[in-house]
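Peer 1: Following this message is one structure expressed as structure tokens.
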Amino acid sequence: MSDGQRNDLWVRRFHPVDDAGVRVVCLPHAGGSAPFFFPFSARLAAGGLDVLSVQYPGRQDRRDEPALDHLPDLAEQVFQALRGWADRPLVLLGHSMGAVIAYEVARQLERTAGDGPLGLIASGRRAPSRFREETVHTRDDAGFLAEIRQLSGTSASILDDEELVRMVLPALRADYKAVETHVPAPQPLLRCPIGVLTGESDPRVSLDEASAWREHTTGGFHFTSFTGGHFYLNDHQPAVCDAVAEYVEAFTKEAAAAG
């Protein structure tokens, strides 16, 4: 299928690797956008992986579209956008909210696309079975922005600019509502393997909550932790990319062994 037949509204391909055997699909965090994964794409592409990065509506060049505040709807649209890229095995890599979307997309792929994804990599997110009551999306603007500052995922220069804040706040709040109000169904378990990446001092994810992803697959499980908080991956880009490449290799071997 040609690029022109694919959905370039949702999917960005910064560093094409046309002969890659595996595609890694990157799904950003709440308030995040496709270019967040640009440096990761460059490094993974140098290692022979074709990397796609998902652009949600309501931000950057899609800012005129309403952001989606219902996670199943968001996951369904991501699933539809990826159907044109499934001519080779997909590994879904999501950070924070992106991990929840990746999980739901993986389940949808397994329901409707035979073998489903090659694997799921969940970063910076507790397992679906580890529930926390969270209502950040209901706070006033000051309280909401205080949470964003605490996680250190958004540049202070943006948060200190009132005009920029007005631009990004609707999408941020919609994302938080989507992930905070979503309760995943306990079944079915994934058949594909799961790899976890997490920060050891993440205030939103304990190591136990991250490890509990093993309960959500009948396949293999892999775990790597890094020093740092919720956005540990910004401080460990080379090591994170190495871990992703190792997971892809492990997923490929596990798929071959399963026949």
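The numbers here are math on the coordinates, done by the rules we state, and not lab data. Remember, predicted model here, so these are calculated numbers, not experimental data. For neighbour counting, all protein chains shown are included, and Cβ atoms are generated from backbone atoms with ideal geometry for every residue, glycine included.
Peer 1: Counting only other residues whose beta carbon sits under 13 Å from that of L233, what net charge do I get with K and R as +1, D and E as -1?
Peer 2: Around L233, the charge tally is -2.
Peer 1: Using helices alone, what [θ] at 222 nm do you get for the chain, with -39,500 (n - 2.57) per DSSP H run of 4 or more residues, divided over all residues and rounded to the nearest 500? Don't skip to the answer; put the middle values down first.
Peer 2: Values: 8 runs with 98 residues, N = 259.
-12000 deg cm²/dmol, from helical runs alone.
Peer 1: With label points built 7 Å along Cα→Cβ from the Cα atoms of H15 and S129, find their separation and express it in nm.
Peer 2: Spacing of the two 7 Å Cα→Cβ label points: 3.6 nm.
Peer 1: Hand me the trypsin sites (Lys or Arg not before Pro) from segment 107-143 located in a DSSP loop with no more than 15 other Cβ atoms within 10 Å, in residue order please.
Peer 2: Answer in residue order: R132, R139.
Peer 1: What is segment 1-148 by shape, rounded, prolate or oblate, if you read a ≥ b ≥ c off the alpha carbon gyration tensor as root eigenvalues and call it rounded for a/c under 1.5, prolate for a/b larger than b/c, and oblate otherwise? Numbers along the way, then the final one.
Peer 2: Numbers: a/c = 1.74, a/b = 1.50, b/c = 1.16.
Cα axes put segment 1-148 in the prolate bin.
Peer 1: Looking at the square roots a ≥ b ≥ c of the eigenvalues of the Cα gyration tensor of segment 177-259, which shape do they give, rounded for a/c under 1.5, prolate if a/b is larger than b/c, or oblate?
Peer 2: Oblate, since a/c reaches 1.5 and b/c is not below a/b.
Peer 1: For an R0 of 35 angstrom, estimate the FRET efficiency from the Cβ-Cβ distance between L207 and L145 and round to the nearest 0.05.
Peer 2: 0.80
Peer 1: Something else about it: If one computes the Cα centroid of segment 55-120 and of segment 200-259, what distance in Å separates the two points?
Peer 2: Computed from Cα coordinates, the inter-centre distance equals 18 Å.
Peer 1: Within a Cβ distance under 14 Å of G47, other residues only, what is the Lys/Arg minus Asp/Glu net charge?
Peer 2: -3
Peer 1: Moving to a separate point now. Based on Cα coordinates alone, diagonalise the gyration tensor for segment 37-112, multiply each eigenvalue by 5, take square roots, and list the semi-axes in whole Å, largest first.
Peer 2: Rounded to whole Å, the semi-axes are 21, 17, 11.
Peer 1: With a/c under 1.5 counting as rounded, go ahead and sort segment 182-223 into rounded, prolate or oblate using the C-alpha gyration tensor (a ≥ b ≥ c being the square roots of the eigenvalues; past the cut-off, prolate if a/b is larger than b/c, else oblate).
Peer 2: Taking the square roots of the gyration eigenvalues as a ≥ b ≥ c, segment 182-223 is oblate.
Peer 1: If you restrict to DSSP beta bridges whose two residues both lie in segment 1-122, what percentage is antiparallel, to the nearest 5?
Peer 2: For segment 1-122, the DSSP antiparallel bridge percentage is about 15.
Peer 1: Can you tell me what share of the DSSP beta bridges in the chain is antiparallel? A percent to the nearest 5 is fine.
Peer 2: Working: 2 of 27 bridges.
Counting only bridges with both partners in the chain, antiparallel ones make up about 5 percent.
Peer 1: Take each complete run of DSSP H in the chain, measure how far its Cα atoms stretch along the helix's own axis, and keep only those covering 15 Å or more with mean Kyte-Doolittle hydropathy at least 0.0; list them.
Peer 2: 71-82, 97-112, 141-151, 162-180, 237-258
Peer 1: Exposure proxy check: W10, W213 ranked by fewest other beta carbons within 10 Å? Numbers along the way, then the final one.
Peer 2: Values: W10 20, W213 27.
Fewest-to-most Cβ neighbours within 10 Å comes out as W10, W213.
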